[in-house]
Every structure is written in structure tokens, then in C-alpha cells.
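For reference, the structure discussed in these notes is given below.
The values are calculated or read from the model by the stated rules, or taken from the named source; none is laboratory data. What you see is a predicted model; the values in this text were computed from it and never measured. Glycine also receives a Cβ, built like all others from the backbone with ideal geometry; neighbour counts cover every protein chain displayed.
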Amino acid sequence: MPVLVKQQYSDFEIVLINDRSYDETEDIYSEFAEKYSFIKIVTVQESDHFYGNKKYALTLGIKAATNDCLLFTDADCLPKSNFWIQEMANHFNGETKIVLGYGPYETIANQFLNKLIRYETVITALQYFSLAKMGSPYMGVGRNLMYSKQVFLKNKGYNQYVKIMSGDDDLLINQIANSTNTEICFEEQSHMTSNPKTTFKQLVTQKRRHISTVDYYQKKHKYLLGVYAFNRFLFWGVLPFTLLYVQTPKNQIFIGSLIVFKWISEYIVVGIASHKLKEKKLLAFIPILDFVLLLFQIYIFSCNSLSKPKKWS
């Protein structure tokens with residue numbers, strides 16, 4: 001809050017949603033609201049029907065907002081600069097009604113799990129930024145996302161998937177975004193940083209919830225993401241091991257060339273993306289990170305195929 005109130009923007013309000021907290025959140029919100037006239041508090045009352053549903057809390061906040069341009073983040077996030085609103089709002093004009101931002105995770109030195117989390121974040125950003133640039137936006141991240149209140153209400157909010165635990169960001173964007181109304185913003189001053197999970201168990205719980213929404217994506221997006229995932233599985237699951245069984249030197253050279261080409265291409269693409277997104281000290285670990293990430297994702301999909309996550313964590 002001390003950072004948000006210092007945002008350098010000419011006219012904005014902060015809508016704070018107190019979603020049935022049991023701690024001192026209400027008192028802290030009230031203190032800030034008394035000090036700053038542009039803060040509005042929305043309190044979500046306990047209800048069995050909507051228990052644990054973030055979409056309900058967000059809907060109340062959206063309806064309470066005065067302006068049409070809505071910029072979202074989460075309680076555990078911190079803007080990298082006092083120009084977060086300005087940078088995101090610079091892209092919200094004309095036909096543009098949706099702006100997809102970047103949400104990096106804090107760097108923890110000498111921790112492999114942290115590198116894996118940040119690498120996966122870069123790869124995911126590559127996918128949703130690239131498809132948006134190609135005219136086929138399919139998701140955004142709720143910790144740094146801007147869209148029009150009018151477009152949200154016209155879409156009838158989250159009605160189509162209100163019973164799904166997640167999806168307040170990716171499923172909404174999957175429905176309302178198109179080639180003409182969506183822009184991307186990845187300037188460093190627009191980044192919204194989050195605290196990463198520090199244990200494997202925490203990360204599994206989080207990713208199981210995230211991935212649970214993929215089944216509801218549009219068919220074309222599921223196809224594109226599926227092709228990408230299959231190609232990665234094909235490379236790590238088949239290609240390198242064929243070198244052990246291929247006897248012909250000519251074929252060994254051909255397969256080896258494919259492997260080298262894949263790694264060089266990956267270094268170039270991920271390297272450029274990492275530079276643009278200001279993600280450091282990942283390039284040297286790309287091969288091992290990519291392999292471990294594939295194993296991790298297979299594990300997550302396997303868990304979700306057996307049972308869907310039932311609680312927010």
C-alpha cells in the first residue's frame with residue numbers, strides 16, 4: 001500500500017477488496033482510506049455459496065470502481081516502479097481495451113527451485129505475449145492485467161465459469177480478447193513482482209490450480225499449446241536417446257545436428273526474451289531447466305488427471 005499510493009498518475013483510485021479476512025486487514029485498509037481520499041474499500045461478507053471464490057470478490061470490486069480502465073494486482077505483489085499505472089495505461093487507448101502485463105518473481109540467490117519458477121514464468125510470458133502479437137491472445141496474469149469495465153460487464157463477467165476455482169485472468173482473457181482490442185506491455189517499469197513459492201509442495205499446489213483451467217480454453221489455443229508441449233516431450237523423450245541406438249554415422253550426425261539446432265534456437269529466443277523481461281542468470285541453466293520443467297509439468301498434469309484441485313492455496 002505505501003508503494004501503490006505513490007504511483008505517479010494524474011487521476012486514479014485504489015479499490016481494496018477485503019475478502020473475508022480474519023486478521024488486521026480491515027483496520028489497515030481503514031487507516032489508509034482515512035488518509036487518502038482516492039482509496040475505496042469493498043468488504044466481502046461471509047457466504048457459503050461463494051466461499052473461496054475469488055471471482056465473486058473481484059466482481060464486487062469491479063462494480064464499485066468509478067473508472068472504466070481497470071488495473072489488477074494481488075495482495076502479495078509489489079510494483080517495480082512508481083510508474084506502473086502510467087506504463088500500463090499508455091497502451092490503453094483507441095480500440096485497445098485489454099493490456100497484458102508481466103509479473104516476474106523475486107530472485108532468490110543460489111536456489112534451483114527459484115530459477116525453475118522464473119524460467120517457467122519467462123516461457124509462459126513468451127507464449128501469451130507472442131500469441132497476442134500474432135493476433136490470437138489467449139491469457140493474461142491476474143497480478144498485472146488491465147481491461148475495460150465496460151467489456152467485462154458486456155461479457156457478463158465471470159458467469160460462464162463462476163464455479164471454476166481459478167480463471168479470473170486467463171479464462172476471462174480467453175473469452176474477451178481478440179486481435180484488435182489487446183496490447184502487451186513488458187517495459188521494466190510496468191512489472192509487478194511477486195514472492196515465489198519456496199518449497200516444491202507449495203509450487204505443486206499453485207501450478208495444479210493454474211493448469212486446471214486449460215481444459216476451458218478455446219480449441220485453437222489448446223491445439224497450439226498442445227503442439228508446443230508435444231514437441232518438447234518428443235525432443236526430451238525420444239530424440240536424444242535415439243543417438244544410443246542409431247549405428248549409422250550419417251544418421252548420428254543428422255540427429256546430433258537437430259539437437260544442437262534446438263538448443264541454439266532456444267538460447268537465442270529465450271535469451272532475447274530474458275533480456276527484454278529483465279530476467280537474469282537463467283541462460284546458463286536453460287537445458288537442465290527445460291528438462292526439469294517438462295518433468296514437473298508432466299507430474300502436474302498427471303495429478304490433475306487423477307483429481308482436480310478443490311481448494312485455493
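Are any of the residues in region 279-294 under 30 Å from TYR161 (Cα atoms) and not assigned by TED's automatic domain parsing to the domain that holds LYS55? Within region 279-294, one or more residues are under 30 Å from TYR161 (Cα atoms) and not assigned by TED's automatic domain parsing to the domain that holds LYS55.
Yes/no matrix, rows are residues, columns are (1) at pLDDT below 95; (2) under 21 Å from the mean Cα position of the chain (by Cα); (3) within 30 Å of PRO309 (Cα to Cα):
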residue: ILE39; (1), (2), (3): no, no, no
residue: GLY52; (1), (2), (3): yes, yes, yes
residue: ALA65; (1), (2), (3): no, no, no
residue: ASP74; (1), (2), (3): yes, yes, yes
residue: ILE85; (1), (2), (3): no, yes, no
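Looking only at region 21-36, decide whether some residue is crowded, with 19+ Cβ neighbours inside 10 Å and over 22 Å from ILE98 (Cβ atoms). Yes; the residues of region 21-36 include at least one that is crowded, with 19+ Cβ neighbours inside 10 Å and over 22 Å from ILE98 (Cβ atoms). Close contacts from region 217-236, counting a first residue that is assigned by TED's automatic domain parsing to the domain that holds ASN174 and of a type in the set (Lys, Arg) and a second that is surrounded by fewer than 13 Cβ atoms within 10 Å (Cβ to Cβ) and modelled with pLDDT of 90 or more, with Cβ to Cβ under 6 Å and a gap of 6+ residues or different chains, come to none at all. For the condition more than 22 Å from ASN304 (Cα to Cα), surrounded by 18 or more Cβ atoms within 10 Å (Cβ to Cβ) and modelled with pLDDT under 90, PHE235 qualifies.
Scanning region 176-197 for residues that are assigned to a helix (DSSP H, G or I) and surrounded by 19 or more Cβ atoms within 10 Å (Cβ to Cβ) turns up just one, SER190.
With respect to the conditions (1) modelled with pLDDT under 95; (2) closer than 27 Å to VAL151 by Cα, SER21 falls short on a single one, namely (2).
The condition of being buried (at least 16 other Cβ atoms within 10 Å of the Cβ) and within 13 Å of the chain's Cα centre (by Cα) holds for only one of ALA89, ALA132, ALA125, that being ALA125. Considering region 107-122, and only residues there that are part of a helix (DSSP H, G or I) and not charged (D, E, K, R), the residue that is surrounded by the fewest Cβ atoms within 10 Å (Cβ to Cβ) turns out to be PHE112. Remark: pairs (first residue in region 288-313, basic (Lys, Arg) and surrounded by 13 or more Cβ atoms within 10 Å (Cβ to Cβ); second residue modelled with pLDDT under 90 and assigned to a loop (DSSP other than H, G, I, E, B); Cβ separation under 7 Å; 6+ apart in sequence or on different chains) = LYS308/SER212. For first residues located in region 139-168 and in a helix (DSSP H, G or I), partners that are surrounded by fewer than 21 Cβ atoms within 10 Å (Cβ to Cβ) and β-branched (Val, Ile, Thr) and lie 6+ apart or on another chain with Cβ distances below 7 Å form the pairs LYS149/ILE62; VAL151/ILE176; PHE152/ILE62. Inside region 1-20, residues that are surrounded by 13 or more Cβ atoms within 10 Å (Cβ to Cβ), under 14 Å from LEU71 (Cβ atoms) and charged (D, E, K, R) make up a count of 1. Inspect region 110-127 for any residue being over 30 Å from THR199 (Cα atoms) and in contact (Cβ under 8 Å) with a residue 40 or more places away in the chain and give the result as yes or no. No, that holds for no residue. Filtering region 213-231 down to residues that are among the β-branched types (Val, Ile, Thr) and part of a helix (DSSP H, G or I), which residue is farthest from GLN175 (Cα to Cα)? Checking each candidate, the answer is VAL227. Given the residues LYS276, LYS281, which is the only one that is surrounded by fewer than 13 Cβ atoms within 10 Å (Cβ to Cβ), in contact (Cβ under 8 Å) with a residue 40 or more places away in the chain and farther than 30 Å from ASN53 by Cα? That would be LYS281, the only listed residue that is surrounded by fewer than 13 Cβ atoms within 10 Å (Cβ to Cβ), in contact (Cβ under 8 Å) with a residue 40 or more places away in the chain and farther than 30 Å from ASN53 by Cα. Listed by position, the helices (runs of 4 or more DSSP H) enclosed by region 1-106 that each have at least 3 residues that are in contact (Cβ under 8 Å) with a residue 24 or more places away in the chain and of a type in the set (A, V, I, L, M) are 54-64, 84-89.
In region 248-259, is there at least one residue being more than 21 Å from the chain's Cα centre (by Cα) and assigned to a loop (DSSP other than H, G, I, E, B)? Yes, there is a match, as at least one residue in region 248-259 is more than 21 Å from the chain's Cα centre (by Cα) and assigned to a loop (DSSP other than H, G, I, E, B).
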